[in-house]
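Data first, discussion second: the structure below is written as structure tokens.
What follows is calculated from the coordinates using simple rules that are stated; it is not laboratory data. Bear in mind that the values here come from a model prediction, so they are computed numbers and not experimental data. With ideal geometry, Cβ positions are generated from the backbone for all residues, glycine too; neighbour counts draw on all protein chains shown.
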Amino acid sequence: GPGLTVSTALAPIAWILLPVFAAGVAAASRRRSLVQGDAWPLVGLGAAIMQNCLFGGVVATQVVLSAGGLSADVEWGIWQLHTALFSLNAVSLAIIMASLSLAGVRSGLIRPWHATLGFVSAGVMTVVSVTTPLHMDGGPLGMLGLAGFLAWVVWLATYGVVLLRASKDTADVAREAPAVTRPVVVDA
């Protein structure tokens, strides 16, 4: 249907934006970090790439299902694959939220409440992923997954605002900083 067409068309945009977001967090937290060797932002970037791969499977199964002409057994199997990929995708979101929350709070980029939201939601998403076989056909654990997803959206939007503010602050500092000149070295 039309919903599938829109979600399928928007998926590649999300696949571009999610790693860019994670790289933005890595850059912003690295600029602010006292410990330059902190690898948590890189873990988050890796998880963003992992999420893109898993969610690519979700979108691919939706495309196959929308094509029609499948037997009932094949359609059921593809729906099971879709549900499993969708649920297991939650672990990549959990890794993104946990690692980028840790990086952000350690560098002072985000506030403790924001990190706590990320950690709690990461825990919820991990539970949903680990219990995938128990809620393949619906149930209360699926609703827990919805709660975790909604927390992800709030966490992500809030982090986006933080990054926009951080980039503005960086631009303001760059404009106010005196120009640095390098000495000219002349070979004799």
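Of the candidates Arg30, Arg165, Arg111, which one comes out as most mobile in a Gaussian network treatment of the chain with C-alpha springs shorter than 10 Å?
Arg165
Mind checking which of Ser87, Ser33, Ser101 has the largest fluctuation in a GNM of the chain, springs on alpha carbons under 10 Å?
Comparing Ser87, Ser33, Ser101 in the GNM, the peak value goes to Ser33.
For the chain, what does the equivalent ellipsoid look like in terms of its semi-axes, each the square root of 5 times an eigenvalue of the Cα gyration tensor, given largest first in whole Å?
40, 20, 14
Using only Cα atoms, find the angle between the long axis of helix 40-67 and the longest principal axis of the chain, and express it within 0 to 90 degrees, rounded to the nearest 10.
Once rounded, the angle reads 30 degrees.
Leu17 versus Val63, label points 7 Å from Cα toward the beta carbon: distance in nm?
2.0 nm
Expressed in nm to one decimal, what extension gain is obtained for the pair Ala39 and Val74 from 0.36 nm per residue of sequence separation less their Cα-Cα distance?
Full extension from Ala39 to Val74 adds 8.3 nm.
Per residue of the chain, what 222 nm ellipticity follows from adding -39500 (n - 2.57) for every DSSP H run with n ≥ 4, rounded to the nearest 500?
Theoretical 222 nm ellipticity from helices: -29000 deg cm²/dmol.
Would you list the P(r) distribution for the stretch 50-96, with all Cα-Cα distances sorted into 5 Å bins from 0 and each bin expressed as a whole %?
Values per bin, smallest distances first: 5, 25, 28, 19, 12, 7, 3, 1.
Can you work out the FRET efficiency for the pair Leu146 and Lys168, with r the C-beta to C-beta distance and R0 = 41 Å, to the nearest 0.05? Don't skip to the answer; put the middle values down first.
Details: r = 34 Å, r/R0 = 0.82.
Efficiency for this residue pair is about 0.75.
Round to the nearest 10 and give me the degree value, 0 to 90, for the angle of helix 72-107's Cα axis relative to the longest principal axis of the chain.
Approximately 20 degrees, to the nearest ten.
Taking 7 Å along the Cα-to-C-beta vector as the label spot, tell me the Thr8-Met50 distance in nanometres, rounded to one decimal.
Calculated label separation equals 2.9 nm.
From the backbone phi of the stretch 132-144, what are the Karplus-calculated ³J(HN,Hα) couplings (6.51 cos²θ - 1.76 cosθ + 1.60, θ = phi - 60°) in whole Hz, Gly and Pro given as x?
In residue order, the calculated couplings are 3, x, 7, 10, 5, 10, x, x, x, 5, x, 5, 4 Hz.
Taking only Cα atoms, what is the 0 to 90° angle, nearest 10, from helix 112-130's long axis to the longest principal axis of the chain?
30 degrees
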